[in-house]
Every structure is written in structure tokens, then in C-alpha cells.
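**Q** Below is one structure. I have some questions about it.
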Amino acid sequence: MAKKIGIVQHKGGVGKTTTAVNLAGAIHIKEPNSKVLVYEQDGQGNAARSFGKNPSDYENTAYDVIMDKQIRPEDVVNNVYPGIDIIPANKDMNFVEFDMLTDFFEKQTDQFFSFIQKYRNDPTALTSLSKNEFSKLMEKDSTNIGNYYFNMLSNKMEVIDKKYDYIIFDTPPEMKAITSSVLSVVDSTIIPFEPDAYTVDGLINILSRIKAIQNEYNPKLKIAGVLAEKVRKNVKIHSDVELAVAKYCMSNHITYLQSEIPNSIRFASATGYKGLPATLIEQNDKFVKSYFSLYTELKENGTL
């Protein structure tokens, strides 16, 4: 069974994709015989771009896995580096929530119509139902929006779960249906943050959603750790916010990862010029080493 990790944060630009692909690269370097899958869920398609691929070139993507019952995750896997595969996403993912809700309400209409037809020859039996009886019958016959909307990957992971050693999910900057569906199937989650004045409030909101997912869909979900990204040591607010987040995590029994990721153009330039994550091409760079430190820390705490 694969170890499944979700990189989640409702704020954009904090380094989710950078962490997902560089962690995949670090795993490959440290464990060259392992099989790693980057499962992209963000419509920007930056995980694919990190490997020099154009997300628009893929005919079938993560969107089709969600929307087409005949397409499974293993059907849209693409190899991007020896030992590393990707399930790509592109702008189609931006329409998932709208399309899912449209599909859901169509199914609800069909189910309600079918329900009414059961009483067409005896309408008085329907009108004599109490509200409680009616609710129980509707609950029995109807699609549950929670399972339908917040658990979109349910029963779709069996094959790839056995095929890979690690599956790393890159999620969009939101905590709605797509990210919730990822949290419903992963073993653990990493929460990256860029130190700023709103970090603690944002972290509280994320933890609230994670708690809800644990209660409703995935009681085994663990928080692998909160990870500081784009850190600039010479900026006082960064040091202050990091300290505040670390104290908050400690008081709430949440792992605060020590392997902070520095603010550096190394990660973007590696993709831009060489079409690969920096951990695959610049292992000895002092900034890139931070991801190898992250690998080691996650290995030690049992996430990897």
C-alpha cells in the first residue's frame, strides 16, 4: 500500500506544488527503487510544468477521473521521470465543483421523480406520511451530497494504492470539495505556510476543516506537520510569525516541522531552465538541501 500525503493550504502562492514535486524528487534520490506518483488536483497544472510538460497537452486528466465513472486514476498516469509518474490536471479542474453539483442535482431530480412514481397508484399513502417517515424514505433513496461532493475519490484508489510506494497529492488553494476529497483518502497531510500576519488565523481554519474530514470520512488522517515556506531569515515578521505558529502547534499537539524551506529562486529556475524539480538536479545546493532535510524529518516521524 502506498503512503499517501496531501499538501494542503487554502492560500495560493505558499509553495504547495514546489513542495509536492521536490519532495517527490527527494524521495527518488534517497530511495531510487521506489515508485512515486504525483497526483495533481490543481487546475493551474504547475506540477506537470515542473517536469517540463504542458498540462494542456493531456487529453485525460484528474478531472476525468472525478467526472467519468469509466476512467480510473491508473488510466491517466503519465511517466515524467524514471521512477516518478504524474496524474496531471489542467484548467478543466476549475469546473469540477460546478459540474459535480449539476450532476448531483440531476440525480436528485431523477431519484425524487422515481420516488413519487412509487406512489402513483396510491397517492393517499404518500400524503399520509409523517414528516419523519418522509425524511427517512428520502434519505434511503437519495444520493448523499456529502459522500458525493466531499469524497469524490472514494473507491477509486485501489489499483494505484498497490502500484506505488508513495502518492503525493498537490491540491488547489482552497478547502472545498477537491481538497476535502483528497483529505478523505490520504494517510497524512502537510500544511505549508508563508510567514505573514494572517498565518495563524488561516491555520486555525484549515485545522477545523481537517477535523471535520477526520470525523466524517477519514478517522485515520494525521497531520504530518506544519511547514514554513519561502522563509527569509532577515525579515523580522517571518521570525515572529514562525515563532507564533510553532507555539500554537505545540499548545495544540500539532507537529511543527523543523525543516523550513528558504525563499529562493533555485526552485523556479530549475523548472524554468531544466524542466525538472530542483531536488533532481541540484542536490548539493544549500537551498535545495532543505527538501532533503524535510525528507529525513518525514521519514523519522513515520510519514514516509
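**Q** Among the listed residues Lys16, Lys11, identify the single one that is buried (at least 22 other Cβ atoms within 10 Å of the Cβ), over 21 Å from Met157 (Cα atoms) and of a type outside the set (Ser, Thr, Tyr). Write out each step before concluding.
**A** Details: Lys11 fails: buried (at least 22 other Cβ atoms within 10 Å of the Cβ).
Result: Lys16 is the single residue among Lys16, Lys11 that is buried (at least 22 other Cβ atoms within 10 Å of the Cβ), over 21 Å from Met157 (Cα atoms) and of a type outside the set (Ser, Thr, Tyr).
**Q** Answer yes or no: is there a residue in the stretch 60-67 that is more than 24 Å from Ser184 (Cβ to Cβ) and surrounded by fewer than 18 Cβ atoms within 10 Å (Cβ to Cβ).
**A** Of all residues in the stretch 60-67, those more than 24 Å from Ser184 (Cβ to Cβ) come to none.
No; the residues of the stretch 60-67 include none that is more than 24 Å from Ser184 (Cβ to Cβ) and surrounded by fewer than 18 Cβ atoms within 10 Å (Cβ to Cβ).
**Q** How do the pairs read when you match residues in the stretch 47-59 that are under 15 Å from Leu280 (Cα atoms) with residues anywhere that are assigned to a loop (DSSP other than H, G, I, E, B) and small (Gly, Ala, Ser), using Cβ under 6 Å and keeping only pairs 6 or more apart or on different chains?
**A** Filtered contacts from the stretch 47-59: Gly52/Gly275.
**Q** What are the pairs with Cβ atoms under 8 angstrom where one residue, in the stretch 229-243, is in contact (Cβ under 8 Å) with a residue 40 or more places away in the chain and under 11 Å from Ala197 (Cα atoms) and the other, located anywhere, is β-branched (Val, Ile, Thr) and assigned to a helix (DSSP H, G or I)? Sequence gap at least six, or different chains.
**A** Val241/Thr199; Val241/Val200
**Q** Follow-up. Search the stretch 246-267 for residues that are touching a residue at least 40 places away in the same chain (Cβ under 8 Å) and charged (D, E, K, R) and pair each with any residue that is in a loop (DSSP other than H, G, I, E, B) and surrounded by 17 or more Cβ atoms within 10 Å (Cβ to Cβ) when their beta-carbon atoms are under 6 Å apart and the residues are at least 6 apart or on different chains.
**A** none
**Q** Can you say whether Val231 is at pLDDT below 95, touching a His at 6+ places or on another chain (Cβ under 6 Å) and closer than 20 Å to Val245 by Cβ, as far as the supplied structure shows? Let's see the steps before the verdict.
**A** Working: at pLDDT below 95: yes; touching a His at 6+ places or on another chain (Cβ under 6 Å): yes; closer than 20 Å to Val245 by Cβ: yes.
Taking the combined requirement at face value, the residue satisfies it.
**Q** Would you please list the contacts, defined by Cβ atoms under 6 Å and residues six or more apart or on different chains, that run from a residue in the stretch 86-113 that is farther than 30 Å from Lys163 by Cβ to a residue that is among the small types (Gly, Ala, Ser)?
**A** What qualifies is Gln111/Ser142.
**Q** Would you point out the residue of the stretch 228-283, among those that are within 30 Å of Ser208 (Cβ to Cβ) and of a type in the set (S, T, N, Q), that is surrounded by the fewest Cβ atoms within 10 Å (Cβ to Cβ)?
**A** Ser251
**Q** Select from the stretch 21-45 the residues that are part of a helix (DSSP H, G or I) and touching a strand residue (DSSP E or B) at 6+ places or on another chain (Cβ under 8 Å) and list them in ascending order. Lay out the reasoning, then the answer.
**A** Our first condition is that a residue be part of a helix (DSSP H, G or I); within the stretch 21-45, this holds for 21-30.
Matches in the stretch 21-45: Val21, Leu23, Ala24, Gly25, Ile27, His28.
**Q** Also: Inside the stretch 79-197, counting only helices (runs of 4 or more DSSP H) that do not spill past its ends, which hold 2 or more residues that are of a type in the set (Ser, Thr, Tyr), at pLDDT below 80 and closer than 20 Å to Ala62 by Cβ?
**A** 145-149
**Q** Please state which one of Lys220, Lys299 is over 18 Å from Ala20 (Cβ atoms), basic (Lys, Arg) and surrounded by fewer than 19 Cβ atoms within 10 Å (Cβ to Cβ). Give the steps one after another, and end with the answer.
**A** On the way: Lys299 fails: over 18 Å from Ala20 (Cβ atoms).
When all the criteria are applied, what remains is Lys220.
**Q** Further, regarding this structure: Scan the stretch 166-213 residue by residue and report those that are buried (at least 21 other Cβ atoms within 10 Å of the Cβ), within 19 Å of Ile254 (Cβ to Cβ) and of a type in the set (Phe, Trp, Tyr).
**A** Phe193
**Q** Now for a different question. Among residues belonging to the stretch 31-57 that are surrounded by fewer than 22 Cβ atoms within 10 Å (Cβ to Cβ) and of a type in the set (Ser, Thr, Tyr), point out the one that is nearest to Ala278 (Cα to Cα). If you could, list the steps in order and put the result at the bottom.
**A** Pass one, the stretch 31-57, residues surrounded by fewer than 22 Cβ atoms within 10 Å (Cβ to Cβ): 31-35, 43-44, 46, 49, 52-54, 56-57.
In the following step, the residues that additionally are of a type in the set (Ser, Thr, Tyr) were identified as 34, 56.
On the way: Ser34: 19, Ser56: 23 Å.
Taking the candidates together, the pick is Ser34.
The values are calculated or read from the model by the stated rules, or taken from the named source; none is laboratory data. Being a predicted model, the structure only gives us computed values, none of them experimental. In this analysis, Cβ positions are derived from the backbone assuming ideal geometry, glycine residues included, and neighbour counts consider all displayed protein chains.
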